[in-house]
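First the structure, in the form of structure tokens, and then the observations on it.
We did not get these values from a lab; they are worked out from the coordinates using the rules stated. Remember, predicted model here, so these are calculated numbers, not experimental data. Positions of Cβ are backbone-derived with ideal geometry, glycine not excepted, and every protein chain shown enters the neighbour counts.
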């Protein structure tokens, strides 16, 4: 086996250089741990060891990346002695730079309690001031000596023990054995770069698999983290703009103490012991692409959602509920944080700088908390949003289930609900603790898979329903229609199961769509909505028969309102800075509106209230005002209602700038 794996000088050199790097980076990581050991929280020894090993996976990825120039260079047709000399010089410089960056990382963490990231590049804009700050704040001569000593030791090891292996004799000369050795190395190299045996690669968000800040930082590799944060290095908020509209936003949100100087958005709600005494459970179900017009309750006559329609008759239905934007990752971020995801570079969940968010779900103390999705939580880097901000959260994802994976989105919605319901019930029967479960479907999404064994679900055929009729209600194809029917069928099966459980009567269920889809000229979409090409309008169903009588609620509601509403219904005390407001708190009923944001061209921000729709396009400074209750066509009434136009313009811009600021300034308060 040794001959097969290390049969050539090139392979022996590459393996030696790889092992040397892993050892070196591990030593750097251990030095970081020892130097900052005072940051270790009590009773987190197991967590520290877990994150150390996670960090080694990041280190291996860095090692593989640094190995790439060597792989290319040693295979060039050059003199072997020249190759050795070049390797010695090149990697001495590379490892000297890496050592310097690790030293910088320690200073950066000491100063900001964050690992080295791409914002450090901003210091290059004022190098003189930055150097003076370093000179006055750190023992830079000592640090320079340490860098030189470490670099010298590394150069010695390279010259004496690593690069000479390129000059060694082959252990074997058989082509087959050499091929096997090369293939094994290639597979290990690819695995090291990918960092995972799962569908999604190793991502920075896995470092934030715990709310413990130091453990999360311990996992990160500072050099890779600089690369991960490079696209986000420039802040996407302008504090002066947030300040200019602060009072408008603060009054709308009901801020306790209006403080424009410090941009205080904090509101505190004491809770209601008459409600919390019963410890109600909460189940939030986010349904993929479930637009209002796609459903029976939204006027579709092709019977796409019979189970949702039946549930609605036993529930409170909000028929003016809007998501802040489209795209599932952005929607889930908004649901969890109560902040619209206004990020321009990727979604907020993909931005390491906004991972620290205050969440209301995290303030449900004494609750078991679950997140169920059929695929991997590495999708969209959504893992960090949940695990870093919601203490004691248990994620059920790809690999947690017995059911088979059916497509790129993991297990089917039917099996997600089946296994999720069983897991909730087993844990509840075991310890009788209240729980908060968030379940996210994904089946109503291309490739619209209808898996075998869907427990009685029968897809409709062209003989049973006209494709032309489906298209008249906005469905692009029969496959899309059947996929939505299966999502609805799965939802129905879950409620059939839930109603038989001991926890059902004491549970508040919330069902809504993560976003809608293009209307495709569906006949049940009003004209003014057809011009809102983002698909914000989705159903919201709140189901708890022991608490509420069935009703249709017409007030304007937003996805960011879901979490404060649930805290209010459950009587949970909470603090928030975000845009969400309790839908049942009468103090906010004087004026309710839903803010939305289109992150792709044409970029615009918008606001809808009970009579008007306002939309503003920043690049050409144009705004429109539609009074849809007066004229349902998309007719600009800006000149007819100038005061209303100005009022909605001010509030829309204020909420937008406040959101941009809060995405970067909303740390946990618990």
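Spin-label pair residue 621-residue 344: with each label point 7 Å from Cα along the Cα-Cβ axis, the two points sit 1.8 nm from one another.
A Stokes-Einstein calculation at 20 °C with viscosity 1.002 mPa s, built on the Kirkwood radius of the range 478-525 over Cα pairs, returns a diffusion coefficient of 160 µm²/s.
Here the range 259-590 has an Rg and Dmax of 19.1, 66 Å, counting Cα atoms alone.
The shape of the range 543-625 comes out prolate: with a ≥ b ≥ c from the C-alpha gyration tensor, a/c is at least 1.5 and a/b beats b/c.
Using R0 = 56 Å, the C-beta based FRET efficiency linking residue 19 and residue 506 works out to 0.50. Highest mean packing comes first when the peptides 217-227, 335-345 are listed by Cβ atoms within 10 Å, giving 335-345, 217-227. Here the mean projected area of the convex hull built on the C-alpha positions of the chain is 35.6 nm². The mean sequence distance of close C-alpha pairs (under 8 Å, at least 6 residues apart), as a share of the length of the range 2-232, puts its relative contact order at 45 percent.
May I ask for the equivalent-ellipsoid semi-axes of the range 281-383, computed as the square root of five times each C-alpha gyration tensor eigenvalue and listed largest first in whole Å?
Ellipsoid half-lengths, sorted descending, are 28, 18, 13 Å.
Of the three principal axes defined by the Cα atoms of the range 412-536, the extents in descending order read 51, 34, 22 Å.
Could you tell me how many degrees, from 0 to 90 and to the nearest 10, lie between the Cα long axis of helix 413-431 and the main elongation axis, the longest principal axis, of the Cα atoms of the chain? Long axis of 413-431 versus the principal axis of the chain: about 90 degrees. Averaging Cα coordinates gives a centre for the range 604-664 and one for the range 398-454; these two points are 40 Å apart. In the P(r) worked out for the range 617-670, what percent of Cα pairs fall beyond 19 Å? Summing the P(r) of the range 617-670 above 19 Å gives 45 percent of all pairs. With a ≥ b ≥ c taken as the square roots of the eigenvalues of the C-alpha gyration tensor of the range 35-154, please select rounded if a/c is under 1.5 and otherwise prolate if a/b is larger than b/c or oblate if it is not? It is oblate, given that a/c is not under 1.5 and a/b is not larger than b/c.
Which of rounded, prolate or oblate describes the range 154-229 when judged by the alpha-carbon gyration tensor and an a/c cut-off of 1.5? Oblate is the answer for the range 154-229, as a/c is 1.5 or above yet b/c matches or exceeds a/b.
In terms of overall dimensions, the C-alpha atoms belonging to the range 134-272 reach 79, 47, 31 Å along their principal axes, ordered largest to smallest.
Evaluate E = 1/(1 + (r/R0)^6) for residue 190 and residue 152, where r is the Cβ-Cβ distance and R0 equals 35 Å; express this FRET efficiency to the nearest 0.05.
0.55
Mind jotting down the distance between the C-alpha centroids of the range 210-275 and the range 358-388, whole Å? Result: 18 Å between the Cα centres.
Cα centroid separation, the range 528-565 to the range 28-53: 45 Å.
Assuming R0 = 56 Å, what is the FRET efficiency of residue 85 and residue 638, from their Cβ-Cβ distance, to the nearest 0.05?
Here the calculated transfer efficiency is 0.15.
Rounded to the nearest 5, what is the percent of antiparallel bridges among the DSSP beta bridges in the chain?
Percent antiparallel among DSSP bridges in the chain is about 50.
Given the range 2-232, what whole percent of its Cα pairs are spread farther than 28 Å? The proportion of pairs with Cα distances above 28 Å equals 39 percent. Packing here is the average count of other Cβ atoms within 10 Å per residue, and on that basis the peptides 287-294, 138-145, highest first, run 287-294, 138-145. In this simple spin-label model, placing a label point 7 Å from the Cα along the Cα-to-Cβ direction at both residue 394 and residue 520 gives a separation of 4.0 nm.
Here the peptides 42-49, 658-665, 15-22 are ranked by packing, the mean other Cβ count within 10 Å, and the order with the highest first is 658-665, 15-22, 42-49. Across the range 521-561, no residue has a backbone nitrogen under 11 Å from the label position 7 Å along the beta-carbon direction of residue 467. Mind pulling the angle between the C-alpha long axis of helix 80-112 and the longest principal axis of the chain? Nearest 10 degrees, somewhere in 0 to 90. Around 50 degrees separate the two axes. Counting beta carbons within 10 Å around each of 274, 441 and listing the fewest first gives the order 274, 441.
Relative contact order of the range 204-267: 18 percent, from C-alpha pairs under 8 Å at least 6 residues apart in sequence. Tell me the relative contact order for the chain as a rounded percent, counting alpha carbon contacts under 8 Å between residues six or more apart. So the answer I get is 18 percent. Modelled this way, with points 7 Å down the Cα-to-C-beta line, the labels at residue 314 and residue 230 are 5.4 nm from one another.
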